Amino acid sequence: MLNTLSTLDLIVLIGLVALMPLTGILFSKKEDSADYFLAGKSLRWWQVAGSIFGTNINSFHLIGMMGIGFSVGFAQAHYEILAFGGVLLLCYVFVPMFRKLNVYTLSQYLEYRYNPTARGLYTFLMITLITVQLVGGFYIGSQTLVFMLEGTQLEINYLQGIVLMCLVTCSYTIFGGLNSIVATDNLQSVMMLVAGITVAVLTFAQPEIGGFAGMLRLDAQQAPELQKMHLYLPTNHPSLPWTGVFTGLMILHFFYYCNNQYLVQRTLAAVSDEEAKKGILAASVLKLCIPFFSITTGIAAAYLMKMRVPDLEIANDTAFLELIRMVVPVGKGLIGFILAGLTIATFSSIDSMLNGATTLTTVDLYQKYLNPQASEKQIIRVARLTIVLLVVITALLAIQIFASPDPKSNFFLKISAWGGYFTQGIVVAFLLGIWWKGASTRGAIAALIAAPIFAFSIEAYYNTHWGLNTEIQAWWGLKLNFMHRVLLTAVFATVVHISISKVFPDQKAVDPQILAPAPPWKYILIFFAVQLFFFLAVYNGFLPHQIAAVLAALATIAVWLWGIRALKPSDNLWQDSRFYASLVNGVVVFLLFYFP
């Protein structure tokens, strides 16, 4: 619980939060549907970056990730580090394809590649997924507001938090479309970064911690089983097993970055392909900062609180507020500023999901089936009505389902687990469709339908049968981790898609315009061979992991630059997004080796 806010804190908090709807309204304008859904394809790279980051990261990411750092450790960083695999696929496979076809929705690609049924299934699955995520978003957002304002003059309850979120998000999302959302996303990205970094700096400045290096020393002094600065946890770990991280979590990254309507929509709104790619890469750099000002701050908070209040029991997702009370000076406006940054961030993912669901509903359902001759005014009117209906329905569900919120759980992981029921068939349909000309319509439809059914079934069967086997428990745990479930479902969906495609091939020829070039397997295999070499060197004690991290990163960059020169030389490497992708990839590899 925070202390009562000072007058200065209140002024800062209310003033900055008021910028959210004001910014959205100022950037709204009278638009046609292209403006409303894709911002007139006018976004520059920095707008794409800020909007992707703001869509991807909200206040509960900071609070939730800090809570996981507090309770589990640095392994949560895989959510940000390994996301770069999805970023690369989006940049160099999907963005060029989607933009070449000039699509509004990703489901339009599935219609071009397969048929209208596949398009409809994607729309249904995505709207279902977005509805689930919106319900979770309202719950998370309201719970966050309740946590942050508890004990202050602005204290609210769970229901009031949801009403406030409904009013604020509707105030600019309805009227401004993607233009307004991008503007508010960029505002919240800046505010959230500054707020998160401020808390991190103040935490690491505490004398008990002694900076980042001091926190690493504190962690090294713990017994091995209690140390938190490790990326890799056992295969049977209930939350973050390394086997699930490199398989199921990667598949979720592929979906989220490549096949998720409300995130990819920002890249479709860029001025050019190169601006879109640079924006995506810049957003990935921002994501790589999160482990170091959120997760590691949670680890530092665990040691700080253990020293200052050893007998105080602190719930994982409330550690953030307790930390603010400990380290942020009172009466200087800093608490108001931090709360404002997190409050603004609370709304960002919700407005992006609303815009994505609205685009799907309006373009794929209303314009395609109900009124193909709809005017621009009619399309935008239906889009705005859809936003209102979605907000009302999902807010009511959040109130009904989570009438008694539980602040003691790591809800961030629960949301990831829920989303993992609906996505594997989508990933398989896109990946096989874009790279394998033999992928058939019946195969795609079967995979899209069968994957969610299998996901629910395999989890239930494992938890009641396989998980009781002691040998299986030793490998994968008593309950099936959602990342392992995602892996099994993706394998099943792939087998279904390929098998049915072989038995029931399409009679029509596949348009080569909707197939991507073959991956550069030579350089991909060399990249993985380099990583395997350094892994074995570390595993067998030939190299310290710190030295291996540097050498592996440099070798990764060299392979990338070699591939750029061999595949498609650049006249100006400094202007080529692939050069910056190679540098980011080097950083990713460095982190994976440096924190074993």
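The values are calculated or read from the model by the stated rules, or taken from the named source; none is laboratory data. Quick caveat, the model's predicted, so the values are computed rather than measured. No Cβ is skipped: glycine too gets one built from the backbone with ideal geometry, and neighbour counts run over all protein chains shown.
Residues that are at pLDDT below 90 and under 20 Å from the mean Cα position of the chain (by Cα) within region 424-465 are absent altogether.
Could you please find all residues in region 1-51 being of a type in the set (Asp, Glu), farther than 25 Å from LEU281 by Cα and modelled with pLDDT under 80?
First, pick out the residues of region 1-51 that are of a type in the set (Asp, Glu): 9, 31-32, 35.
Retained after the next criterion (residues that are farther than 25 Å from LEU281 by Cα): 9, 31-32.
Answer for region 1-51, where residues must be of a type in the set (Asp, Glu), farther than 25 Å from LEU281 by Cα and modelled with pLDDT under 80: GLU31, ASP32.
For region 224-239, the condition of being at pLDDT 90 or above, in a helix (DSSP H, G or I) and of a type outside the set (Gly, Ala, Ser) holds for none of the residues. Of the residues making up region 316-328, at least one is at pLDDT 85 or above, over 25 Å from the mean Cα position of the chain (by Cα) and not in a helix (DSSP H, G or I). The residue pairs whose first member lies in region 132-147 and is over 23 Å from ALA319 (Cβ atoms) and assigned by TED's automatic domain parsing to the domain that holds LEU390, whose second member is at pLDDT below 80 and of a type outside the set (Gly, Ala, Ser), and whose beta carbons are closer than 9 Å, counting only pairs six or more residues apart or on different chains, are VAL132/ILE415; VAL132/TRP418; GLN133/ILE415; GLN133/TRP418; VAL135/ILE401; VAL135/PHE402. Applying the criterion of being surrounded by fewer than 22 Cβ atoms within 10 Å (Cβ to Cβ) and either within 28 Å of the chain's Cα centre (by Cα) or acidic (Asp, Glu) (or both) to the residues of region 201-225, the residue that is farthest from PRO596 (Cα to Cα) is LEU202. Picking from residues in region 52-72 that are among the polar types (S, T, N, Q) and within 16 Å of ALA83 (Cβ to Cβ), the one that is modelled with the lowest pLDDT is ASN58.
Can VAL264 be described as in contact (Cβ under 8 Å) with a residue 60 or more places away in the chain and under 18 Å from PHE84 (Cα atoms)?
Details: in contact (Cβ under 8 Å) with a residue 60 or more places away in the chain: yes; under 18 Å from PHE84 (Cα atoms): yes.
In short, yes.
Among the residues of region 346-366, the ones that are within 10 Å of ILE130 (Cα to Cα) and touching a His at 6+ places or on another chain (Cβ under 9 Å) come to 0 in all. Looking across region 170-181 at every residue that is more than 15 Å from THR346 (Cα to Cα) and either aliphatic (A, V, I, L, M) or outside the structural domain of MET353 (by TED's automatic domain parsing) (or both), the one that is surrounded by the most Cβ atoms within 10 Å (Cβ to Cβ) is identified as LEU178. Restricting attention to region 39-97, the residues that are under 20 Å from GLN188 (Cβ atoms) and either assigned to a helix (DSSP H, G or I) or free of Cβ contacts under 8 Å to residues at least 60 places away in the same chain (or both) add up to 24.
Evaluating LEU532 against the criteria (1) at pLDDT below 95; (2) within 31 Å of the chain's Cα centre (by Cα) leaves one unmet condition, (1).
Can you list residue pairs whose Cβ atoms sit under 6 Å apart, with the first residue in region 469-483 being more than 12 Å from ILE458 (Cβ to Cβ) and the second being assigned to a helix (DSSP H, G or I) and aliphatic (A, V, I, L, M)? Count only pairs 6 or more apart in sequence or on different chains. From region 469-483, the pairs are MET483/LEU249.
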